[in-house]
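Okay, structure first, notes after.
The values are calculated or read from the model by the stated rules, or taken from the named source; none is laboratory data. This structure is a prediction, so every number in the text was calculated from the model and none was measured. Backbone-built Cβ (ideal geometry, glycine too); neighbour counts: all protein chains shown. The area values use the complete protein model at the heavy-atom level, side chains included, leaving out ligands, DNA and RNA. Shrake-Rupley method; radii C 1.70, N 1.55, O 1.52, S 1.80 Å.
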Amino acid sequence: MKNKLKTCGFFRFRHRRMLFCPLVFQIIFAGFSEPFFNFAEFKCAPSITIPAGTSEKEKALAGNGGIRLSFRDADARAYVTLQKTEFAAIKECETVSEKADLFDAPRYGAGFFLFRESIPITIKIGHNTYGKSVSKIRNPSPSTTANPLAKSFVFASGSGASLPTMTSSQQPLSLAFSVKKDLECLPFQISFEGFITEKKEKFLSLSAKFGLPGNISIQPAFSFGEFFLENKSAILKKNNAAFDENSFYSGLGELSIFTPVLKINFYSGFQQSPYETDSWWFKFDGRTSFRALLLNISYFALPSSKNAPKAAPLIGASSSICRIVEQASINPQILFLFDDKNASSIRLGFSLLENWKVTATNTPVQLNTMKVRTGIEFENRLLNTRFDWTEANILLSGDAPTKSSLPERFHSFSLSTSSSCPYFKYALSGSYSYYPPPADTDSLKESCSFDIKIAFPAMNVDAQAGLDMTFKDGQRYSGEWTISLAHGIKKKYLHTSMKLKLLMPF
């Protein structure tokens, strides 16, 4: 009986311990409720060029591939690219090392996400790419897209640091960090970002976002950097504007004001110049709306260009020459909403863009050009159809010193449509461009393209086919078929993506 009691007592003690242990593990790992490992991702995208019999091009192979490991508090990536290489050159490689030399330098990157609950800090190391404020400092030139149906009006400040992707270009090694926090003791969100590269380029950015009553927000941002400027342009030497390569300072101030009826983005930049007078520029973007009407306006100016060499109005932090000295655009839109079950709408837009740009010639001349675009879009839950008409590079004033520096004027028409359902998606697009000859002796140039995309979400399969052709005086000058097929697998811990692209020039 005593043995039985002892045995029963042992089991009672063991049973209590078994109940107690899970409770201990729950307490210890309470902060690690998320899985430590998220997934592994493998990507591969070869591209094969097989010319038609009439083409003089050779068969070639190109492609990208890589791996990504995603953890709870880290993200590691490695990618490699094979530039377009003829099959004959690949066959000539006899050893593995010779074949490895055909690939570009690998791109690595790792991100770490620390102190998420207290002061979130993100650290990214590797061949990072940068955007947002850094893009404005590196190349202040405004965009000339002039989208007549622009819907978004964003304000993006900071470094925009991102780890390398499968298709990103090779970048210098760098270390980036960002700290973003909502301070309970202060009525705003604060963000602090920066990076340093192996070339000893440095960048720091500080921004804050204030929320005010009436759905009003104000967001100022200030950035400062030191970048290495290289003397890349032969035009500068011919215009006696060459400079010694060195590190120069850049600064940028940004301000965003958002209200229910008015949105304003203002940018003002400073660039230490390799010449006697430093450069500065400013840009203003505004949007206002009233019921179905929407109006976008934009203005860019480079006031310091009058004191700079004509061939180099401003040299950005990427060592690129900013040749646009002034640009203005206006974009009115009107939206018609229909009271139907599919939430249909029609959007009409008109965009007018005028700019003043210095030619990249031995004798720099300022040309004044204009671009006009109109568009109409029908959209509902099932279908999206859009038509655009463009007339670009209309010369208003100025005489081009050379024939090649004359902006190529063209008319363009494009039509696109897409539709989707849970099992099937498709997108069709086509465009035609007409380039009138600037002189009677010049050739008439035309180009057209057509693309079709089909996707089956349930099977993770995407197919795409395209045709591009260029004509001169009615005769085909060049052409290319493009066919691609992509398939992906997405499991809990494993993601794979395979895309095969076939190019057939003719």
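Some points to look at:
Every residue, every condition in (1) assigned to a strand (DSSP E or B); (2) in contact with a His (Cβ under 6 Å, 6 or more places away or on another chain); (3) farther than 24 Å from residue 261 by Cα, yes or no:
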position: 169; (1), (2), (3): no, no, yes
position: 177; (1), (2), (3): yes, no, yes
position: 206; (1), (2), (3): yes, no, yes
position: 211; (1), (2), (3): yes, no, no
position: 220; (1), (2), (3): yes, no, no
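- Within the stretch 203-239, considering residues that are more than 16 Å from residue 188 (Cβ to Cβ) and in contact with a Phe, Trp or Tyr (Cβ under 6 Å, 6 or more places away or on another chain), the one surrounded by the most Cβ atoms within 10 Å (Cβ to Cβ): 203
- Failed item in (1) surrounded by fewer than 16 Cβ atoms within 10 Å (Cβ to Cβ); (2) under 27 Å from residue 369 (Cβ atoms), with residue 137 passing the rest: (1)
- If you check 160, 214 for being of a type outside the set (Val, Ile, Thr), touching a Gly at 6+ places or on another chain (Cβ under 6 Å) and on the phi > 0 side of the Ramachandran plot, only one passes: 160.
- Qualifying residue in the stretch 349-358 (condition: surrounded by 15 or more Cβ atoms within 10 Å (Cβ to Cβ), at pLDDT 95 or above, over 25 Å from residue 304 (Cβ atoms) and acidic (Asp, Glu)): no
- Exactly one residue among 468, 440 is in a strand (DSSP E or B), out of contact with any Lys or Arg (no Cβ under 8 Å at 6 or more places or on another chain), on the phi < 0 side of the Ramachandran plot and not aliphatic (A, V, I, L, M), and that residue is 468.
- Test: residue 309 is without any contact (Cβ under 8 Å) to a residue 40 or more places away in the chain, open to solvent by 20 Å² or more (accessible area, probe 1.4 Å) and not acidic (Asp, Glu): no
- Residues of the stretch 68-87 that are closer than 14 Å to residue 43 by Cβ and among the aromatic types (Phe, Trp, Tyr): 79 alone.
- Among the residues of the stretch 86-108, those identified as more than 23 Å from residue 503 (Cα to Cα) and within 27 Å of the chain's Cα centre (by Cα) are 105, 106, 107, 108.
- Among residues of the stretch 372-394 being charged (D, E, K, R) and open to solvent by 40 Å² or more (accessible area, probe 1.4 Å), the one that is modelled with the lowest pLDDT is 381.
- In the stretch 178-202, the residue that is modelled with the highest pLDDT out of those that are in contact with an Asp or Glu (Cβ under 7 Å, 6 or more places away or on another chain) and open to solvent by 70 Å² or more (accessible area, probe 1.4 Å) is 202.
- Given (1) polar (S, T, N, Q); (2) in contact with a Ser or Thr (Cβ under 7 Å, 6 or more places away or on another chain); (3) at pLDDT below 95, index of the condition residue 83 fails: (2)
- Within the stretch 39-51, considering residues that are open to solvent by 40 Å² or more (accessible area, probe 1.4 Å) and either of a type in the set (A, V, I, L, M) or over 26 Å from the mean Cα position of the chain (by Cα) (or both), the one modelled with the highest pLDDT: 48
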